[in-house]
Amino acid sequence: MEFIDYYKVLGIDKNASEEDIKKAYRKLARKLHPDLNPTDKEAHQKFQQVNEANEVLSDPEKRKKYDKHGKDWQHADQSGQQRHSRQQSGFPGGQSFQGGDDSDFSDFFESLFGGSGRSRQTKFRGQDYNATLSLNLTDILSTQQQTLTVNGKNIRITIPAGVENGQVIKLKGYGAPGINGGPAGDLYISFSIAPHPLFKRSGNDLYSNATIDLYTALLGGEITFETLTGKIKLKVNPETQPGTKIRVKGKGVPVYKKEGESGDLYITYDVQLPAKLTEEQKILFTELRKLS
Amino acid sequence: MAAEEMIPADEFCIHHHIEINFIHSVRESGLVEMTSRDEKIFVPVSQLAQLERLVRLYYEMDINLEGIETITYLLQRMNDMQQEILRLSNKLSIYEP
């Protein structure tokens, strides 16, 4: 646990007046406050330190104690410790601006001041939790259930078929427990779908490539193609050009929360030219060239 | 239709140590939806988080209501753009090897 120079955090000198402290805090809060940086974790962390510095320096008693003990904070009086709560909202359904850690203050702060903050016996809504669930493309082809462990609690969730990469679902009441009988926060689960080496997804459609040999491309034929759900047979038309795209209806990704509906699969044909021609083949291709 | 729980605005003000004038101004700006009954203002529970956010911006960061309106608009735009970036990056992944 390291000593934290709160004056340095706020960018003020040790003789700063209350007004200077307030001004410095507001200036930094306007830049770093989580309300203004909802997705920036780094700003959240920085703001916690700014808030902690303000909490100490704007309170004459705490400031005095901090100034007195300074770097010898480990020998400071720790009497009357209780858990600190900085939140000021007092209604179920209200939302605190912090999220993530249980404690908003550093170990240094807790050691020096314990819980002598502005704790009140009002109800606070618990913090929201965020979790990321990694899935493969094949996982989203059907609705399935998974058990997640969030903060030591097992939660069984249903993952509807067709969820998008980056999609977030909210599980009400699965966040941190409320304080003083307040309601629990919510759990936000973000789905991260790993890219598939053979299939690319766009909305509900899938895109892939199939390699056909020169003769099938020229004369037509049938090939077997492995989709995400099994093998299918594809008819290749005569004189199929490289890059020809075909659509296989209903072989894409299921449409989110629309049972029985799926996108399409688009397959682009790559034509593989023969390599290492035999002498006989060379003669025949030469003949063909003369004919064309 | 389920009835929504309401918090009396004056009770909200007592808890947050703020003046009722602030609530009136917020209501006029349309930043938070509120209802009134018998000359009393009520805040729907679903709007509490937003109202508490405005209290923090106004009182902790000393930002006036015009500034808060601008911030709210810009944050909404930022959120919309992030959604758009996500949508486009999902689409772009088709073309990446």
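Every number here is computed from the coordinates shown, using simple stated rules; none is lab data. The model shown is predicted, which means the values in this text are computed figures rather than measured ones. Because the Cβ atoms are built from the backbone with ideal geometry, glycine has one as well, and the counts that use them run over all protein chains shown.
Things to note:
- 5 angstrom amide H check on A:THR244, placed H, neighbours 5+ away: A:TYR269
- Neighbour counting of Cβ atoms within 10 Å sorts the residues B:ARG87, A:ARG156, B:ARG56, fewest neighbours leading, into A:ARG156, B:ARG87, B:ARG56.
- Each Lys or Arg adds one and each Asp or Glu takes one away; over the other residues whose Cβ falls under 13 Å from the Cβ of B:ARG87, this sums to -1.
- Proximal charge balance of B:ILE18 [Cβ under 15 Å; K/R count +1, D/E count -1]: -3
- Multiplying the residue separation of A:LYS31 and A:LEU198 by 0.36 nm and subtracting their alpha-carbon distance yields 55.7 nm.
- Shielding by other protein chains, A:44-55, mean Cβ within 10 Å: 0
- Which of B:ILE14, A:ILE267 has the fewest Cβ neighbours within 10 Å, and the rest in rising order: B:ILE14, A:ILE267
- Residues A:ILE283, A:ILE246, A:ILE189 arranged by fewest to most Cβ contacts within 10 Å: A:ILE283, A:ILE246, A:ILE189
- Once backbone amide H atoms are built at 1.01 Å from N, A:SER262 has A:VAL255 as its partners under 5 Å, excluding neighbours fewer than 5 places away on the same chain.
- Counting 0.36 nm for each residue step from B:GLU39 to B:GLN83 and taking away their Cα separation leaves a gain of 11.8 nm.
- When the helices of chain B are scored as -39500 (n - 2.57) per DSSP H run of n ≥ 4 and the total is divided over every residue, the value at 222 nm lands at -18000 deg cm²/dmol.
- Between region A:177-197 and region B:1-72, the Cα center-to-center distance that results, in Å: 27 Å
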